[in-house]
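Down below is the structure, laid out as C-alpha cells.
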Amino acid sequence: YEEKLKENREEVRRLDREIEDIRKELEEARKRIDAYRRTIQKEDEILAGFNRLQEVRRELEELEEEIKSLSPVEERARKLDAKISEEKGRLEARLRELRGKAEELEGKALALESHRRELAGVDEELRKMEELEGEVNGWREELERIREELAEMEREKAIAGEEVRRLREQLEMLGEASASCPLCRQPLPDHRRDELLEELNRNLEGKQATIARTERRIEDLKQQGEELQVRIGKAEERLRRKGGLSARKGMLEEKVRAAEDAAQMLEEVRAELAKGEALIREGVFAPEFQAEREALEESLSRLRAWKEKRDELLQEERALRVWEAERGRLDEARENLRREEERERTLQNWLQERKR
C-alpha cells in the first residue's frame, strides 16, 4: 500500500503541474481572443478610415492629372518671368550708374553723422567733466571736514586716555592697605573704600568704552578719507583730458560743416535716383511681356490652389496610413478568432480531464 500511495502522490503532483500549465495557456488564449474581439468591435471605425484612405488616394490621382494639364502654362509663365527680369536688369544698370555717383558722396554723408555723434559725445564728456569738477570740489570739502573731525577724535582719545591713566592711579592708591581719600587725603573706612573702588571701576570702564568707540570712529574716518583721496585722484586724472577734448571739439565742428555741404549734394543725387527706382517699383517696363504674364495669372492661381490642395491631401494620406495596418489586423482577427475559440474549448476539455 505504501508503494501505491507514493505512486499516487507522484501522479497527483504531475497532474497539478499539467493543470497549471493548461491554465496559463488558457489565459493566454483568452487574452488573444479578447484582443481579436476588441479589434472586430472597431470594424466600422477601421473600415471608415481605410475607405477614406482609398478615397484620398483617388483624389490625389485626379489632382495630379489636373496639375499636369497646366504644366505648359506654368512653363510659359517661367519664360515670361525671365524676359521681364532681363528688361528689368537693363533698367537697373542705368540705376547703378546713378548709385555710383551717390556712393562718391555717401561716405561723406555717413561721416557727417559720425562726426555729429562724436561731437555730441565730446560735448557730453565736457559737460560731465564740468559736473565732475563740482563733485571734486565737494569731495575736497568733505575730505577737509573728515580731517577736522579726525583731529577732534584724536584729541578726545588723548583726553580719555589721560582720564584712564588718572583713574588707574586712584585705583592703585585705594588698593593699598592704608588707603586714604584721593581728594581729602583722610583715612577711609572699609565700606567707603569699597564704594569708591566700585565707582572708579565703573568710570574706568566707561572711559575705556569711550576710547574704543573713538578708535573705531577714527578708523572709519581714515578709511573714508583714503577712499575720497583715491576718488579725487582718479577724477583729477580724468580732468587732465579736458584741454585735449576742447581742441577735439573745435576740429569736429569744422568737419561737421564740411560734411554738411557734401550731404546736401547727396540729397540731390538721391532725388534723381528715386525717380529711376520708381519706374522699377511701378513696373513700367516690358509691357507686352507683362500683359501676357497677367493673362496667365488666373490659370496659375488655379494651379497654386490645386498644389495647396495636393499638399493637404498628402498630409491627410500620411495620417490615414495607419488604417492600412488596422485593416490588416482586422482581417487577421477575423481569420484567427475562430481558431483561438476552438483552441480555448480544447484547453477547457483538457483542464477538466486533468481535474477528473
- When the convex hull of its Cα atoms is projected in every direction, mean area for the stretch 16-120 (nm²): 22.2 nm²
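Looking at the stretch 112-172 from every direction and averaging, what is the projected area of its Cα convex hull in nm²?
Numbers: hull surface 21.7 nm².
Averaged projected hull area, Cα only: 5.4 nm².
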- Query: So for the pair Asn349, Glu253, with labels modelled 7 Å out along Cα→Cβ, what separation do we get in nm?
  - Reply: 11.9 nm
- Summed side-chain charge close to Ala262 - residues other than Ala262 whose Cβ falls under 15 Å, Lys, Arg +1, Asp, Glu -1: -3
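Using square roots of five times the C-alpha gyration tensor eigenvalues, list the equivalent-ellipsoid semi-axes of the stretch 231-345 in whole Å, biggest first.
Square roots of five times the eigenvalues give 78, 41, 5 Å.
Write down the accessible area per residue of the chain in Å², having rolled a 1.4 Å probe over the full set of protein chains.
Numbers: 24820 Å² over 356 residues.
Result: 70 Å² per residue.
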- What trypsin sites (Lys or Arg not before Pro) does the stretch 194-302 have in DSSP loop regions with at most 15 other beta carbons within 10 Å? Arg240, Arg241
- Item | Debye log10 I(q)/I(0) for the stretch 279-336, one point scatterer per Cα, at q = 0.13, 0.18, 0.25 Å⁻¹ | -0.61, -0.78, -0.95
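Evaluate E = 1/(1 + (r/R0)^6) for Glu87 and Ser246, where r is the Cβ-Cβ distance and R0 equals 56 Å; express this FRET efficiency to the nearest 0.05.
Working: r = 59 Å, r/R0 = 1.05.
The formula returns an efficiency of 0.45 here.
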- Take the solvent-accessible surface of the protein heavy atoms, probe 1.4 Å, and return the percent of it on the stretch 1-142 that carbon and sulfur atoms account for. 47 percent
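Give me the net charge for the shell around Ala93: Cβ to Cβ below 15 angstrom, other residues only, Lys and Arg +1, Asp and Glu -1. List each step's numbers first, then the result.
Values: positive: Lys88, Arg90, Arg94, Arg96, Arg99, Lys101; negative: Glu86, Glu87, Glu92, Glu97, Glu277.
Counting the neighbours of Ala93, the net charge comes to +1.
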- Task: Of the listed values (i) 19.1; (ii) 16.0; (iii) 63.1, grab the one calculated as mean projected area of the Cα convex hull in nm² from the structure here.
- Result: (iii)
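The values are calculated or read from the model by the stated rules, or taken from the named source; none is laboratory data. Given the structure is predicted, the values throughout are model-derived calculations rather than measurements. Note that we place each Cβ from the backbone using ideal geometry, even for glycine, and neighbour counts take in every protein chain shown. Note: areas computed on protein heavy atoms with side chains; ligands, DNA, RNA excluded. Shrake-Rupley method; radii C 1.70, N 1.55, O 1.52, S 1.80 Å.
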